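Quick note: the coordinates plus some simple rules give every number you see, no bench work behind them. All values derive from a computational prediction rather than experimental measurement. Cβ atoms come from the backbone with ideal geometry, glycine included; neighbour counts cover every protein chain shown.
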Amino acid sequence: MITIDKIDDGLPISVIIPLSKNRKDFFENMVLPLIEANNVNEIIVNDDEGRAPKKRNDGFKKSTQPFIMFIDDDILLPSNYILTLYNILIKNHDIDFAYTGYDGIVLHPESHPIGGNFRIPPVEFNPKALNYGNYISTMTLMRREVFPMFDENLKRLQDWDMFLTIVKNGSKGILVPNLTFYAFYLDSGITSNNNSEIDALNAIRIKHQI
């Protein structure tokens, strides 16, 4: 089921969350209040069965705002996070998306490929560097018209695929260096060792000829 909560005087942003039922308590008690504190116009939660890319795409189809942001159900944002990204896009009309680095908190290191807590550092936007690996989080604010939909056929790295497509279509991004969020890895999830990273990398490289 897809639920939509609206705040009439909120920022003109649709936040779209693919919710896993086993993370419902964490989401409702920890994640959702912080999203609400960011004062966006539209919060769309999709807890249908199925994989996250389809949930995100289906949620996007229900959205109405000129800016969109996908947020996972295990993400903790500062209360000024979305507003900060929004202000940058409003001031820079030639920029289509704004992003940051983030900190990963791994609760099950035995099933995560990194094996413990980690930091994804802030990396300046560079289209050529994006061909060698993704440095842009899914939790990125973007203009609605540049979103190409997630590839539901990919098993992993759908966010990298999305940003490669956006950049190939001519869009530009911007790093916000002095801002971060926390990603809590509550279970093995899609990044577990059970999902082949080599196969996922090869699928992206073949699709984008990189």
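Tabulated data
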| item | result |
| --- | --- |
| Hits in region 130-153 - residues which are over 14 Å from Thr165 (Cα atoms) and either touching a Phe, Trp or Tyr at 6+ places or on another chain (Cβ under 9 Å) or crowded, with 18+ Cβ neighbours inside 10 Å (or both) | Tyr135, Ser137, Met139, Thr140, Leu141, Arg143, Arg144 |
| Residue count, region 81-96 (criterion: in contact with a helix residue (DSSP H, G or I) (Cβ under 9 Å, 6 or more places away or on another chain) and closer than 15 Å to Phe181 by Cβ) | 2 |
| Region 34-47, subset of a type outside the set (D, E, K, R) and part of a helix (DSSP H, G or I), residue surrounded by the most Cβ atoms within 10 Å (Cβ to Cβ) | Ile35 |
| Of the criteria (1) in contact with a Pro (Cβ under 6 Å, 6 or more places away or on another chain); (2) surrounded by 15 or more Cβ atoms within 10 Å (Cβ to Cβ), which one Pro66 fails | (2) |
| For Ile105: the one exception among (1) of a type in the set (Val, Ile, Thr); (2) without any contact (Cβ under 8 Å) to a residue 12 or more places away in the chain; (3) closer than 15 Å to Tyr182 by Cβ | (2) |
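To keep it simple, each residue is scored yes or no on (1) surrounded by 14 or more Cβ atoms within 10 Å (Cβ to Cβ); (2) within 18 Å of Ile174 (Cβ to Cβ); (3) touching a His at 6+ places or on another chain (Cβ under 8 Å).
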position: Asn22; (1), (2), (3): no, no, no
position: Glu49; (1), (2), (3): no, no, no
position: Ala98; (1), (2), (3): yes, yes, no
position: Asp103; (1), (2), (3): yes, no, no
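Residue-by-condition table, conditions (1) closer than 18 Å to Lys55 by Cβ; (2) assigned to a loop (DSSP other than H, G, I, E, B):
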site	(1), (2)
Pro122	no, yes
Phe125	no, yes
Asn134	no, yes
Met139	yes, yes
Phe150	yes, yes
Leu154	yes, yes
Trp160	no, no
Phe163	no, no
